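These notes concern the structure reproduced below.
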Amino acid sequence: MNPETKIILDELNKRFTEHNAKWDFRFNEQESHILRHIQELEQAQDARMSALEKVVASFDEWRPSIEDIVDDIQHSVDKSKMEVSKISHNLECVILDQPAPMLGVLVASPAAAIERSPTR
């Protein structure tokens, strides 16, 4: 092989090696950046999941007491409805048994009609 060709080939080989080293450095740099970013995302996701699990646990603790309160309120409402129904039924019976006296503006009073004299 000719010495000039060897020098040219050696120079090309050197430049390709440098170029490959630059690309390897860039790829490694990008890979480490991406891996750091993935780790940060995983940590953030773990934190969100942990917070969500805490909320679910507190809801599971809270739920039975609220269900008991709602049941108590429902029982009270049902009891109140029954009492109102009894009162309403008793009131209807009393109203039907005793007619109410007619009082007020619409009732004609015979005494008032006699006492009135025309004014002229």
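The values are calculated or read from the model by the stated rules, or taken from the named source; none is laboratory data. On a predicted model such as this, the values are computed, not experimentally measured, just so you know. Neighbour counts are summed over all protein chains in view; Cβ atoms, including those assigned to glycine, are modelled from backbone coordinates with ideal geometry.
Would you mind stating whether H33 is at pLDDT 95 or above, of a type outside the set (A, V, I, L, M) and assigned to a helix (DSSP H, G or I)? So H33 passes the test. Looking across segment 61-77, the residues that are surrounded by 10 or more Cβ atoms within 10 Å (Cβ to Cβ) and not hydrophobic (A, V, I, L, M, F, W, C) come down to R63, E67, D68, D71, D72, Q74, H75, S76. Could we say that A57 is part of a helix (DSSP H, G or I) and at pLDDT below 95 here? The answer is yes for A57. Against the numbered list (1) out of contact with any helix residue (DSSP H, G or I) (no Cβ under 9 Å at 6 or more places or on another chain); (2) of a type in the set (A, V, I, L, M); (3) modelled with pLDDT under 85, L12 comes up short only at (3).
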